Amino acid sequence: MKLSLTFCLPGLALCLLLTSCATKYGSELPPPPPPPLSAAHYSIQPGDLLTITFAGEPDLTQQVRVDWNGMINVPTLSSEGNAEIKAAGSSPATLAAKLNSYAVENRILVKARAQVQVIEYVSLAYSILGQVTQPGRYNFPRGVQPRLTLEEAVALAGGYTRLARQSRVLLKRGSQVYAVDLKQHATLPGQPPIIIIPGDVITVTERTF
């Protein structure tokens with residue numbers, strides 16, 4: 001029996017070490033999120049939905065989604081009905097300049113003044129799992145900064161189930177996981193809001209009876 005323990009304990013220690021290194025846990029509240037990027041500094045990504053307009057040319061208005069190769073097709077800018085342009089990695093202003101050049105070079109317009117607006121950001125989403133009525137992946141509401149409180153995220157997922165453990169809600173951000181007591185947080189006055197940002201994963205744990 002002693003020989004067995006001698007060999008098992010190092011393995012157990014190694015197992016515990018690997019488990020503790022896999023994810024960092026903390027009971028403190030997550031830090032305030034960084035300020036959101038302005039539209040001028042945003043890089044268009046595959047999956048984003050764009051609206052393209054040209055001043056004085058309403059017939060050229062188009063909505064287009066960036067494909068997974070980072071390309072868009074703007075058929076109104078080509079007499080052949082096919083105009084593929086690289087969009088991913090460009091800011092909206094840079095892509096507008098590309099569209100201007102393309103329209104002029106293809107003799108669609110003599111003077112082009114394009115405007116590109118991102119109306120749906122593919123990356124602006126968070127996930128909520130566990131004991132909520134409608135777990136899943138959610139996009140942040142359109143037209144507002146991508147910031148929600150943790151309580152708002154739970155509400156958008158239909159609220160807690162009867163098995164939810166409100167005193168232990170996990171918020172994963174990057175490699176850090178925060179254990180939040182939302183039940184206590186809601187009852188204490190003067191508590192700062194817990195803000196979630198794109199990429200966060202929320203897990204509402206289950207009560208133990």
> Here is a list of conditions, (1) free of Cβ contacts under 8 Å to residues at least 60 places away in the same chain; (2) not in a loop (DSSP other than H, G, I, E, B), and Thr53 meets all of them except one; can you say which number that is?
Replying inline: (1)
>> So if I check each of Ala153, Ala83, which one is in contact with a Phe, Trp or Tyr (Cβ under 7 Å, 6 or more places away or on another chain), surrounded by 17 or more Cβ atoms within 10 Å (Cβ to Cβ) and at pLDDT below 90?
In response: Ala83
> Here are some conditions: (1) among the small types (Gly, Ala, Ser); (2) modelled with pLDDT of 90 or more; (3) not in a loop (DSSP other than H, G, I, E, B). Ala186 meets all but one. Which one does it not meet?
Replying inline: (2)
>> Restricting to the range 117-141, give me the number of residues that are in a strand (DSSP E or B), under 8 Å from the mean Cα position of the chain (by Cα) and hydrophobic (A, V, I, L, M, F, W, C).
In response: 1
> What number of residues in the range 189-209 are buried (at least 18 other Cβ atoms within 10 Å of the Cβ), of a type outside the set (A, V, I, L, M) and assigned to a loop (DSSP other than H, G, I, E, B)?
Replying inline: 1
> What pairs can you find where one residue is in the range 102-114 and basic (Lys, Arg), the other is surrounded by fewer than 19 Cβ atoms within 10 Å (Cβ to Cβ) and part of a loop (DSSP other than H, G, I, E, B), and their Cβ atoms are less than 6 Å apart, with a gap of 6+ or different chains?
Replying inline: Arg113/Ala55
>> Would you confirm, using the coordinates I've provided, whether Tyr178 is aromatic (Phe, Trp, Tyr), in a strand (DSSP E or B) and out of contact with any Leu (no Cβ under 7 Å at 6 or more places or on another chain)?
In response: no
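The values are calculated or read from the model by the stated rules, or taken from the named source; none is laboratory data. Quantities reported herein were computed from a predicted structural model and do not represent experimental measurements. In this analysis, Cβ positions are derived from the backbone assuming ideal geometry, glycine residues included, and neighbour counts consider all displayed protein chains.
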